[in-house]
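The values are calculated or read from the model by the stated rules, or taken from the named source; none is laboratory data. Computed from a predicted structure; not experimentally measured. Counting neighbours? That spans all protein chains shown, and the Cβs are built from the backbone with ideal geometry, glycine included.
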Amino acid sequence: MGEASGKRGGEAAAGTGAAAAPRQAELPLAVVQGEPLTELPQDLYIPPDALEVFLEAFEGPLDLLLYLIRRQNLDILDIPIAEITRQYMEYIELMKELRLELAAEYLVMAAMLAEIKSRMLLPRPAASEEGEEEDPRAELVRRLQEYERFKKAAEDLDALPRMERDTFPVRAEVPDRRVVKLVPEVTLKELLLAFQEVMRRAELFSHHHVQREPLSVRERMTQVLESLQGGGHVEFTALFRPEEGRTGVVVTFLAVLELVKEQLVRLSQNEPFAPIYVAAA
């Protein structure tokens, strides 16, 4: 009894363990209004045109023929009309099954292929062996070659960089900025440096002959004003005459200082260490 009870207890425990084993939950097909949907409704209707996949798109019958030839690596100058016609008609039937609207040019090309096929099946006269009769495929080959050239040219043009597709213009507007260039003020140091340069040049004309020359500062002021009557700017160093010697240079410098003091002339300089110009006030 003890062994039987132990065996039943072990089986019950094993059964309980098997029942407690985790099971993978079934994934719902969809969630409708927050509730998972694990089975399709019985009244669900899916229209046959709900999903259509188009693997190839052709721009015309010549494009379709060129695709069939290039896909099989056929020689465009020696087209197997029978095989190409069969494949072309298969594509026409496929388009009908997909309920695509067939253009009239596709049907015209199918009729042309059938005509070429029938002409090639007819027995040729003896003159054809000498090459006098034209190949029925010649016109089709010419049109295919011409179409292929134009298609390649269109692809090359499309591969060129195009504005608004490959490159985009960048525009940056810079606000107008008015830059005011301040003219530096002429200081006494600048005047002394310019006077020193004039004195150095005057020494080149100095001589040992002592001669007293009556020079007047007022007279020299009048001469400076007369030289500025034109209304223009005269360089500061041009007012001096080095041949007059040191005395004449000093008198002219004193005359310019008096005119500046009395505000009869004004001095200007475009930038530091630039020439100084004198103008009438």
Would you please list the contacts, defined by Cβ atoms under 7 Å and residues six or more apart or on different chains, that run from a residue in segment 251-277 that is under 21 Å from residue 220 (Cα atoms) and charged (D, E, K, R) to a residue that is modelled with pLDDT under 85 and not in a helix (DSSP H, G or I)?
266/279; 266/281
With (1) modelled with pLDDT of 80 or more; (2) under 17 Å from residue 251 (Cβ atoms) as the list, and residue 214 as the residue in question, which single condition is left unmet?
(1)
Flag for residue 130 being over 44 Å from the mean Cα position of the chain (by Cα), at pLDDT below 80 and charged (D, E, K, R):
yes
For segment 238-248, which residues satisfy the criterion of being buried (at least 16 other Cβ atoms within 10 Å of the Cβ) and farther than 17 Å from residue 218 by Cβ?
240, 242, 245
Residues of segment 71-91 being assigned to a loop (DSSP other than H, G, I, E, B) and either touching a strand residue (DSSP E or B) at 6+ places or on another chain (Cβ under 8 Å) or aliphatic (A, V, I, L, M) (or both), in sequence order, are 74, 76, 77, 79
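Per-residue answers, yes or no, for (1) in contact with a Cys (Cβ under 9 Å, 6 or more places away or on another chain); (2) of a type in the set (Asp, Glu); (3) modelled with pLDDT of 80 or more:
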site	(1), (2), (3)
50	no, no, no
62	no, no, yes
76	no, no, no
126	no, no, no
135	no, yes, no
Would you please list the contacts, defined by Cβ atoms under 7 Å and residues six or more apart or on different chains, that run from a residue in segment 62-79 that is touching a residue at least 40 places away in the same chain (Cβ under 8 Å) to a residue that is part of a loop (DSSP other than H, G, I, E, B) and of a type outside the set (Lys, Arg)?
64/58; 69/76; 69/79
Name the residue, out of 150, 195, 240, that is among the aromatic types (Phe, Trp, Tyr) and without any contact (Cβ under 8 Å) to a residue 40 or more places away in the chain.
150
Those residues of segment 251-275 which are of a type outside the set (Ser, Thr, Tyr), within 20 Å of residue 186 (Cα to Cα) and either surrounded by 18 or more Cβ atoms within 10 Å (Cβ to Cβ) or in contact with a strand residue (DSSP E or B) (Cβ under 6 Å, 6 or more places away or on another chain) (or both), in sequence order
253, 255, 256, 259, 265, 266, 267, 269, 275
When you check residue 71 against the structure, is it farther than 25 Å from residue 120 by Cβ and either in the same structural domain as residue 142 (by TED's automatic domain parsing) or at pLDDT below 85 (or both), yes or no?
no
If you go through 222, 237, 247, the only one that is under 60 Å from the mean Cα position of the chain (by Cα), more than 28 Å from residue 180 (Cα to Cα) and modelled with pLDDT of 80 or more is 237
Considering only segment 202-212, I want to know if a residue exists there that is of a type in the set (Gly, Ala, Ser), assigned to a loop (DSSP other than H, G, I, E, B) and free of Cβ contacts under 8 Å to residues at least 12 places away in the same chain.
no
